[in-house]
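Take a look at the structure set out below.
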C-alpha cells in the first residue's frame with residue numbers, strides 16, 4: 001500500500017496504515033497569558049501559557065492552563081481547572097480527554113495509544129479536573145458539612161464542568177487559530193473518563209461528533225459491587241501466592257472453549273470453574289465461598305438483580321499493586337470489626353465503595369460502612385438500595401434512551417472493555433450495549449460498536465492484547481464512513497511497549513468472537529478472523545452466576 005507504515009510514539013506501537021501528510025501550519029496567536037486572555041472567552045481565566053518545543057516526534061505546542069467559572073445547570077457557581085494543548089500542526093479538530101476515578105487532576109484516563117498520537121495527528125486537546133482537587137478516596141469536596149451536599153462541586157464532577165470547559169476550550173481554539181469553525185470534535189475517555197464521554201453524548205449531544213468510551217463507569221451501583229468484593233475476602237484472605245494456582249485451574253477449565261489452547265480466555269462468561277474443586281488442596285472452604293461471592297451478581301434481599309458479577313479470567317495478573325482484586329487485599333485485615341478493617345492499606349475497591357456510601361449516599365464522612373451498611377455477601381436491602389439510588393442517580397449514564405438525540409443527529413459511540421477488568425466489571429457494559437440494541441436496533445451497527453478485549457485489565461494491562469488504536473478507528477468511521485469490524489491489538493512482553501509485540505490479534509465487534517484458522521501461529525493476528533458469529537453471547541455456569549447476559553425483561557440499572 002502506498003504510504004503504508006507503522007509508527008511508534010513515546011514507545012507505543014500505533015496502528016499500521018496510510019499516513020497522511022502533516023497539516024499545514026496554522027495562523028495562530030502568541031502563546032502567552034496577555035494575548036490569550038485578550039480573546040475574552042467568557043468565564044475563562046488563563047493562569048499559565050508556554051511553548052513546549054518539538055521533541056521525539058511530538059510537535060511543538062502551546063500549553064495553556066487556567067480555570068473556568070461554571071454556572072447554572074441547577075447549581076450555584078463553581079470553578080474547574082483545565083489544560084489545553086494547541087499544536088503548531090493543528091488539523092482543525094478538537095479532542096477532549098476524560099479523567100479517572102473521583103477526578104481532581106489533569107491526567108488523562110483514556111486509551112494510551114490515542115493519548116500518545118493525538119498531538120502527532122495535530123489535535124487541539126483539552127482536559128478538566130471536573131471542578132475540584134483533593135485526595136482520590138476521601139471526597140470531602142462533595143459535602144459542605146455532614147448531611148449537606150456541595151451541589152456545585154457534585155454537579156461539576158458528574159456533568160457540568162466537562163460540558164462548560166468543552167464550550168470554552170472550543171472558543172479558545174478557534175480564536176487562537178483564527179478559525180471560523182472546528183472541523184470535528186471528539187471525546188476520548190476510559191473508566192470514569194468513559195462515563196464522561198457518555199454523559200456528554202447523553203446530556204449535551206451537540207458538543208461532540210463522536211465519543212470513545214472505554215470500560216465506562218455507567219452507574220454508581222458499581223460501588224455496591226465493589227463493596228461486595230471487598231467484604232467477601234474480609235474473613236477469608238487469599239494470599240497472592242495462591243492466585244496463580246487458581247488461574248491455572250480456571251484456564252484448564254476454560255481456555256479451550258474458543259477452539260484453541262493459547263493461554264487466553266476469550267469469553268469468561270462461558271467458563272464453568274467451581275472454586276470448591278480447589279478445596280482442600282489449595283483453598284479452605286471459607287476461601288472458596290468468598291471466591292464464589294466475588295463471582296456472582298449483586299441482588300437485593302428479595303433476589304432481584306442489582307448489578308452483574310465479576311469476570312473469572314486472569315485473577316492473578318489483575319491483583320494490581322494497589323490491591324484492587326480478586327483477593328481484594330494485599331495483606332489480611334488489621335481488625336475485621338473496625339470501620340477501617342485494613343488500616344491504611346485498604347484495597348482500592350473498598351476505598352471507592354466506602355467513599356460513595358459515606359459521601360454520596362449517607363452524606364456522613366464518619367459513617368461506618370463496614371458494620372452499618374446493610375449489604376451482606378452481595379445482597380442489599382431494598383431500603384438501602386432505594387437510598388443509594390436516590391442519592392447517586394445524578395451521576396448515572398446507564399439509560400440507553402438518553403442517547404436518542406445524540407444518535408438521531410448522527411453521533412457515533414465506540415466502546416471497549418477488557419474482559420479481565422477487576423475494577424469495573426465488563427458485563428455491565430454488555431448490559432448497556434444490549435439495552436441499546438433493543439431500543440436503537442436500527443442505529444446500532446451504523447452508530448454504536450463495542451469491542452470486548454480478552455485478557456485485558458482495567459483500561460489496559462493484563463496478559464491479553466491490550467494496545468490498540470481507537471482514535472484512528474473513530475476517525476475512519478466518522479470521516480470516511482468506514483466502520484471497523486475489527487481493531488488490531490497487540491501485547492508486549494511484560495506490558496512494556498518498548499519491547500517487540502509478542503502477540504497480535506483482532507478485536508471483533510461484539511458479539512463476535514475471534515476464531516483461530518486452525519493452522520499458523522496462535523500469537524499472530526493473521527491466524528485469526530472475525531467470522532460473524534455471536535459466540536460472545538454464549539454463557540456457562542460462571543456467566544449465569546454473574547448474570548453476564550441480561551434477560552430481555554431486565555431493568556436498566
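Every number here is computed from the coordinates shown, using simple stated rules; none is lab data. From a predicted model like this one, the values you see are computed outputs, not experimental measurements. No Cβ is skipped: glycine too gets one built from the backbone with ideal geometry, and neighbour counts run over all protein chains shown.
A few points about this structure:
- Fewest-first ordering of 219, 317 by other beta carbons within 10 Å of each residue's beta carbon gives 317, 219.
- Annotation: extensible slack from residue 402 through residue 533 equals 44.2 nm (criterion: 0.36 nm per residue apart, minus Cα-Cα distance).
- When the helices of the chain are scored as -39500 (n - 2.57) per DSSP H run of n ≥ 4 and the total is divided over every residue, the value at 222 nm lands at -7500 deg cm²/dmol.
- Extending 7 Å from the Cα toward the beta-carbon at both residue 206 and residue 167 defines two label points whose distance is 1.0 nm.
- Fraction of antiparallel bridges per DSSP, the range 84-226 only, in percent to nearest 5: 30 percent
- The simple spin-label model puts a point 7 Å past each Cα toward its Cβ; for residue 409 and residue 479 those points are separated by 2.1 nm.
- Counting only DSSP beta bridges with both residues in the chain, the antiparallel share comes to about 65 percent.
- Among 190, 530, 62, 459, the order by Cβ neighbours within 10 angstrom, fewest to most, reads 530, 62, 459, 190.
- Approximate spin-label separation residue 493-residue 339, in nm, with each point projected 7 Å along Cα-to-Cβ: 5.0 nm
- Net length available on complete extension from residue 244 to residue 366 is 40.2 nm, with 0.36 nm assigned per residue and the Cα-Cα distance removed.
- R0 of 56 Å, Cβ-Cβ distance residue 29-residue 331: FRET efficiency to nearest 0.05: 0.55
- Three-way shape label, the chain, alpha-carbon gyration tensor, a/c 1.5: oblate
- Likely footprinting exposure, 37, 527, fewest C-beta neighbours within 10 Å first: 37, 527
- Calculated FRET value between residue 390 and residue 284, using beta carbons and R₀ = 45 Å, to 0.05: 0.70
- Gain on full stretching of the segment that runs from residue 502 to residue 446 - 0.36 nm per residue minus C-alpha separation: 16.9 nm
- Cubic angstrom per residue, convex hull over Cα atoms of the range 393-467: 100 Å³
- P(r) of the range 25-214 over all Cα-Cα pairs, binned every 10 Å from zero, in whole percent: 10, 38, 37, 13, 2, 0
- Each 5 Å bin from zero up to the one holding the largest Cα-Cα distance in the range 126-216 carries the following percent of pairs: 3, 13, 21, 22, 17, 13, 7, 3, 1, 0.
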